[in-house]
Amino acid sequence: MSTRVPLPYTPKVLELFRNPKNLGKMENPDAAAQAGSPACGDVISLYLRIARGDRVEVIEDAKFESYGCAANVAAASMLTEMIKGKTLREAWEVEWQEVAEALGGLPPVKRHCSILAVGALRRAIRAYYEHRDRKPDWLPEELTMAEKQALEEEELIERMYGGRLGRG
């Protein structure tokens with residue numbers, strides 16, 4: 001008999017864990033990025049297909065691969081649903097709290113999953129513009145608070161789990 005208390009996941013988290021939307025690798029994405037740490041298993045790979053207009057780029061499709069818990073899968077799934085059809089600027093403005101709220105909330109110990117999802121999104125958007133002649137004026141040169149949070153989560157995960165798994 002386990003002494004572990006099950007986490008209080010919302011029905012939305014459980015639904016998206018059981019039936020994730022947009023799951024799978026995208027062939028030839030316009031942008032891709034990863035956030036998380038293999039040390040604990042919470043890793044999100046995000047793929048974007050972007051339609052280019054005259055002066056605006058719109059996320060036409062978004063897919064993800066996730067290695068992790070129910071909250072990790074649900075956060076990545078929810079994020080992809082939230083950003084489809086948005087311009088890259090609109091998608092850039094999505095915050096991890098919005099992802100968590102759209103899921104009906106996450107247990108405090110699992111909030112890092114929505115932070116990692118948004119971190120992957122921002123990395124993918126930066127990667128998209130890395131190879132473009134024009135960088136938009138709305139894209140900050142310095143890392144944003146959300147990007148720094150994702151980095152801090154990854155570093156914390158590595159410190160917590162890396163040593164126990166012999167990786168750090």
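At-a-glance table
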item: Kirkwood hydrodynamic radius over Cα pairs of the stretch 2-114, then Stokes diffusion coefficient at 4 °C and 1.567 mPa s, in µm²/s; result: 89 µm²/s
item: In range of the label at LYS135: residues from the stretch 9-35 whose backbone nitrogen is under 15 Å from the point 7 Å along Cα→Cβ; result: none
item: Sequence-distant aspartates and glutamates (8 or more away, or on other chains) whose Cα lies within less than 20 Å of LYS135; result: ASP30, ASP54, GLU57, GLU60, GLU90, GLU93, GLU147
item: For peptides 129-142, 24-37, sequence by mean Cβ density within 10 Å, most packed first; result: 24-37, 129-142
item: Top of ARG122, ARG55, ARG18 by mean-square fluctuation, Gaussian network on the chain, Cα under 10 Å; result: ARG55
item: Nearest-20 debye value, the stretch 10-93 charge dipole, Cβ charges on Lys, Arg, Asp, Glu; result: 120 debye
item: With Cα atoms, 0 to 90° folded angle of helix 70-83 axis to the chain main axis; result: 20 degrees
item: Label point distance in nm, THR144-LYS21, each placed 7 Å from Cα along Cα→Cβ; result: 2.1 nm
item: Gained length - ALA51 relative to VAL109, 0.36 nm times residue gap less alpha-carbon distance; result: 17.2 nm
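Read the figures in this text as sums done on the coordinates, not as results from a lab. This one's a predicted model, so the numbers in the text were calculated from it and none came from an experiment. Ideal geometry is used to build each Cβ from the backbone, glycine not excepted, and the neighbour counts take in all protein chains shown.
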